[in-house]
1. Condition check: within 16 Å of the chain's Cα centre (by Cα) and either closer than 23 Å to Asn68 by Cβ or of a type in the set (Gly, Ala, Ser) (or both). Does Asn194 satisfy that?
2. Which of (1) modelled with pLDDT of 95 or more; (2) assigned to a loop (DSSP other than H, G, I, E, B) does Gln233 not meet, given it meets every other one?
3. Would you point out which residue out of Asp195, Asp211, Asp226 is acidic (Asp, Glu) and either crowded, with 18+ Cβ neighbours inside 10 Å or in contact with a His (Cβ under 6 Å, 6 or more places away or on another chain) (or both)?
4. Which residue pairs have Cβ atoms under 8 Å apart, sit 6 or more places apart or on different chains, and have a first residue in the stretch 169-192 that is in a loop (DSSP other than H, G, I, E, B) and a second that is open to solvent by 50 Å² or more (accessible area, probe 1.4 Å) and among the basic types (Lys, Arg)?
5. Looking at the stretch 129-136, can you tell me whether even one residue there is at pLDDT below 95 and either touching a His at 6+ places or on another chain (Cβ under 8 Å) or open to solvent by 60 Å² or more (accessible area, probe 1.4 Å) (or both)?
6. Any idea which residue in the stretch 51-105 is modelled with the highest pLDDT, counting only those that are among the acidic types (Asp, Glu) and over 28 Å from Ala147 (Cβ atoms)?
Amino acid sequence: MHRRALAVFLVAGTLLGGAARAQSNHDRNLALCTGGDLGRKMFGCTELIESSQETPETLAIAYLNRGNALNENGQVDLAIQDYDEAIKRNPKSADALAGRGIAYEKKGQFDRAIEDSDSAVKLDPNNARAFASRGHVYSHKKEFDRAIEDYTQAIKLDANDGVVLHLRASAYREKAQYDLAIQDCDQAIKLDSNDAYAYYIRGLSKQKKGDKSGGKADVARAKLLDPKVEQQQ
């Protein structure tokens, strides 16, 4: 009788220990998956995806975050595949739709990018990323008024995004609104003193306003920070 009780106790202990380890692994991988380090994010999300133990909700988060990491890493096609999986598990994920829109924009598939951004904005009118993504597509399409409108909405939602500020500055420059372009670049540089594109757009805008020396200095600073700054869009 004592042996049977001991056996039951050992089995129960093993099961509980296994469950605790599984939960510990889940918590660790979820923390990595939602963290800021690109490599650890990919690792943690992949571990969750391949565990065969996660709920659809957790898998949606894992695919979304791995998609974001792949997108940031320039692996756009793989990112789109992950966004597809995230959206399958959570069709109302504005973040996944916005991310996929950004990926489509990088591939030059502008109509699909706008479609995803439109859907993201409808699902979440406070999604700054979706407005910024759609604005960037409109810039590519030379529809600068619409681009500025979307960038402005994105900035209202997140005033500390220097990238959106320098993108709006670029759109203002295209419309010959150089004072507004310089103002946005000034703010972007306050947020990030190494923002090469902000220096570049500010330099070009200054030159158009007649400040040749100030403009040349900004362009030179931009090229020092990023020798390929002229290729950015």
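1. Numbers: within 16 Å of the chain's Cα centre (by Cα): no; either closer than 23 Å to Asn68 by Cβ or of a type in the set (Gly, Ala, Ser) (or both): yes.
It is false that Asn194 is within 16 Å of the chain's Cα centre (by Cα) and either closer than 23 Å to Asn68 by Cβ or of a type in the set (Gly, Ala, Ser) (or both).
2. So the condition that Gln233 fails would be (1).
3. Values: Asp211 fails: either crowded, with 18+ Cβ neighbours inside 10 Å or in contact with a His (Cβ under 6 Å, 6 or more places away or on another chain) (or both); Asp226 fails: either crowded, with 18+ Cβ neighbours inside 10 Å or in contact with a His (Cβ under 6 Å, 6 or more places away or on another chain) (or both).
After applying the criteria, what remains is Asp195.
4. Pairs that qualify, where the first residue is in a loop (DSSP other than H, G, I, E, B) and the partner is open to solvent by 50 Å² or more (accessible area, probe 1.4 Å) and among the basic types (Lys, Arg), are Ala176/Lys208.
5. yes
6. So the first thing to find is which residues in the stretch 51-105 are among the acidic types (Asp, Glu), and the list is 54, 57, 72, 77, 82, 84-85, 95, 105.
When the remaining residues are screened for being over 28 Å from Ala147 (Cβ atoms), the result is 54, 57, 85.
Details: Glu54: 87, Glu57: 93, Glu85: 97.
Residue satisfying both the conditions and the ranking: Glu85.
Yes or no, residue by residue, for (1) open to solvent by 60 Å² or more (accessible area, probe 1.4 Å); (2) among the polar types (S, T, N, Q); (3) in contact with a Cys (Cβ under 9 Å, 6 or more places away or on another chain):
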{"site": "Lys107", "(1), (2), (3)": "yes, no, no"}
{"site": "Ala120", "(1), (2), (3)": "no, no, no"}
{"site": "Glu149", "(1), (2), (3)": "yes, no, no"}
{"site": "Gln183", "(1), (2), (3)": "yes, yes, no"}
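So that you can scan it fast, the table gives a plain yes or no per residue for (1) assigned to a helix (DSSP H, G or I); (2) over 14 Å from the mean Cα position of the chain (by Cα); (3) of a type outside the set (Lys, Arg); (4) over 23 Å from Ile155 (Cα atoms):
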{"position": "Gly74", "(1), (2), (3), (4)": "no, no, yes, yes"}
{"position": "Ile80", "(1), (2), (3), (4)": "yes, no, yes, yes"}
{"position": "Ile102", "(1), (2), (3), (4)": "yes, no, yes, no"}
{"position": "Lys122", "(1), (2), (3), (4)": "yes, yes, no, no"}
{"position": "Arg129", "(1), (2), (3), (4)": "yes, no, no, no"}
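The values are calculated or read from the model by the stated rules, or taken from the named source; none is laboratory data. Values in this document were obtained by computation on a predicted structure and should not be read as measured data. Glycine also receives a Cβ, built like all others from the backbone with ideal geometry; neighbour counts cover every protein chain displayed. To get the accessible areas, we keep the full protein, side chains included, count just its heavy atoms, and leave off ligands, DNA and RNA. Shrake-Rupley method; radii C 1.70, N 1.55, O 1.52, S 1.80 Å.
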